[in-house]
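Values quoted throughout were computed directly from the atomic coordinates according to the rules given, and no laboratory measurement underlies them. Owing to the predicted nature of the structure, the values given are computational and were not obtained by experimental measurement. Cβ atoms come from the backbone with ideal geometry, glycine included; neighbour counts cover every protein chain shown.
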Amino acid sequence: MKKLSVIMIFLFIVTFLTISCKNEPMKEKSQGIDPVKLWSKITKESNYTKWSFWPDHKGMKPGVAPHGPLHKVFVNKLALNAKKAPLPYGSIVVKENYSKAKELKAITVMYKIKDYNPTKGDWFWAKYTPKGKADKFGKPKGCVNCHGAKADNDHVMVRTIK
Ligand code: HEC
């Protein structure tokens with residue numbers, strides 16, 4: 001009988017530890033910041049290629065390093081309709097990055113999530129291959145620091161939000 005209760009207590013502890021360890025990534029995913037889910041959100045749930053351009057940044061435009069020589073920037077309705085910085089939570093900005101020969105090379109995304117990164121504009125950053133594999137995501141220093149130069153414009157580079 002004694003042996004049995006020792007085993008029971010052991011099993012209980014193992015179960016408890018397993019559940020509490022799994023909790024962390026689960027929490028992140030439920031906030032919508034899993035790059036796989038974000039990709040599905042911008043391709044299946046609502047296809048970003050059908051979204052609008054900002055009225056003063058339409059179609060294919062020249063860009064600078066590190067993003068590549070040509071790009072298109074698509075925005076969801078929340079970002080499109082915003083009249084001033086900061087953009088509202090839920091805003092998504094998707095940038096297609098092209099080579100000089102107009103070949104799609106990468107897709108970079110900014111997704112505004114409440115309390116995700118409060119001192120840096122609460123943006124979740126991701127860089128995908130054209131097939132949707134996330135190369136970089138989260139709070140990569142490169143993205144955060146360079147775009148930080150436009151913190152007063154909510155980290156948006158291509159246009160002034162007004
Ligand atoms: C060295 C500076 C620099 C770095 C690093 C950088 N960006 Fe950018 N980003 C820019 C500039 C400049 C633009 C304006 C468009 C252009 O020139 O291509 C831009 C535009 C964008 C846009 C379109 C919205 C906007 O802000 O204008 C997105 C989305 C974006 N970048 C995502 C990312 C992601 C994701 C990363 C990291 C993987 C990243 N950027 C890293 C400089 C940078």
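Per the Kirkwood formula applied to alpha carbons, the range 100-162 shows a radius of gyration over Rh ratio, Rg over Rh, of 1.01. Note on the range 36-162: Cα-only Rg and Dmax are 13.5, 40 Å. Residue-wise HN-Hα couplings along the range 76-92, as the Karplus relation 6.51 cos²θ - 1.76 cosθ + 1.60 with θ = phi - 60° gives them from phi, are 7, 4, 4, 6, 4, 7, 5, 9, 8, 6, x, 5, x, 4, x, 5, 10 Hz; Gly and Pro carry x.
Over the range 54-162, what relative contact order in percent results from Cα pairs under 8 Å that are six or more residues apart? The partial results should precede the final answer.
Working: 203 pairs, mean separation 21.2, N = 109.
Reported relative contact order: 19 percent.
Each residue of the range 121-133 is assigned a 3J(HN,Hα), and the resulting list reads x, 6, 9, 9, 10, 8, 10, 10, 6, x, 8, x, 8 Hz, derived from the Karplus form 6.51 cos²θ - 1.76 cosθ + 1.60 (θ = phi - 60°), x at Gly and Pro.
For the range 66-126, trypsin sites (Lys or Arg not before Pro) meeting the loop criterion (DSSP other than H, G, I, E, B) and having at most 12 other Cβ atoms within 10 Å: 83, 84, 100, 102, 114. Modelled label-to-label distance, residue 44 and residue 114, 7 Å Cα→beta-carbon offset: nm? Going by the 7 Å Cα→Cβ label model, 2.6 nm.
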